[in-house]
Amino acid sequence: MRPDKKFLVDEVAGFLGKSDYVFLADYRKVTVADAAELRASLRAQKAEYHVVKNSILNAAARERKLPALEASWLLGQTAIVVGGTDAAEVAKILTKYGKDKEKLPLKGAIMGQSRLSATDVQALATLPGIATLRAQLLGLLSTPATSLVRLLQAAPQSLLNVLQAKSQAGEAAAA
C-alpha cells in the first residue's frame, strides 16, 4: 500500500477506534453550513462527524477487525459518526437531523461486532439515553430498600399507636 493511502487508512482506523460504534450516512446533500451545524450538535455528545472515502473506510474497518461492511453502505458519498459514550443519543441527533433537514440518510451502523440497518438505527434512536437508563435502574434498585425501611418504621409506629391508645383508654377509665 502506498504511504499516502496507509496514512489515510491509519487516520480512519483511529476514528473507528474512538468508540464501540460507527454510524454511516450518505452526505451527498449536506452543505458546509449543514455539516457545521451537525458537528456542533454531535459535539455535545463528544461525537465526531467525518467524511471518508469508501475504499479507505473499508480498509480501516478490516484493519480494526470490524464486521464486514455491507456493499450498499459503500456506495455513494459516505460520512461516519464516531466517538462519545451514548450511541442512543447520537442516533437521536442523526435521525432528528435527517428528518428536519431531509438530508443525511443513514446507511447503517456497526455496534461492537454487530451490523445494524438504517431501520435498526432509527429504533436505537427511540431508546432512552444512558443517563436516563441509569436513573431508571437506580430507581428500581432503591425501591425495595425504601419499602423495607418503611416496613421497619411501620412496626414500631403501630406499636407506639397501640400503647398510646391503651394509655388514653386507661386515663379515660380512671377519670
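The numbers here are math on the coordinates, done by the rules we state, and not lab data. Quantities reported herein were computed from a predicted structural model and do not represent experimental measurements. Here the Cβ is made from the backbone with ideal geometry for all residues, glycine too, and neighbour counts use every protein chain on show.
Tell me, in nm to one decimal, what length is gained between residue 169 and residue 85 on full extension, where the rule is 0.36 nm per residue of separation less the Cα-Cα distance?
23.8 nm
Among the lysines in segment 3-127, how many pairs, 8 or more places apart or on different chains, have alpha carbons under 18 Å apart?
19
Just want to confirm a number: the relative contact order over the chain, from Cα pairs under 8 angstrom separated by 6+ residues, in percent.
Reported as a whole number, the value is 25 percent.
Rounded to whole Å and sorted largest first, list the principal axis extents of the Cα atoms in the chain.
Answer, in whole Å and largest first: 105, 34, 24 Å.
Helix 87-101 against the longest principal axis of the chain: what's the angle in degrees, Cα atoms only, rounded to the nearest 10?
60
For a Förster distance of 30 Å, can you work out the FRET efficiency between the beta-carbons of residue 37 and residue 7, rounded to the nearest 0.05?
0.55
Roughly what percent of Cα-Cα pairs across segment 71-130 reach past 17 Å?
More than 17 Å apart: 36 percent of the Cα pairs in segment 71-130.
May I ask for the angle, rounded to the nearest 10°, between helix 130-174 and the longest principal axis of the chain, with both axes built from Cα atoms and the value confined to 0 to 90°?
Helix 130-174 sits at roughly 0 degrees to that axis.
Using label points projected 7 Å from each Cα along Cα→Cβ, tell me how many nm separate residue 146 and residue 96, to one decimal.
2.8
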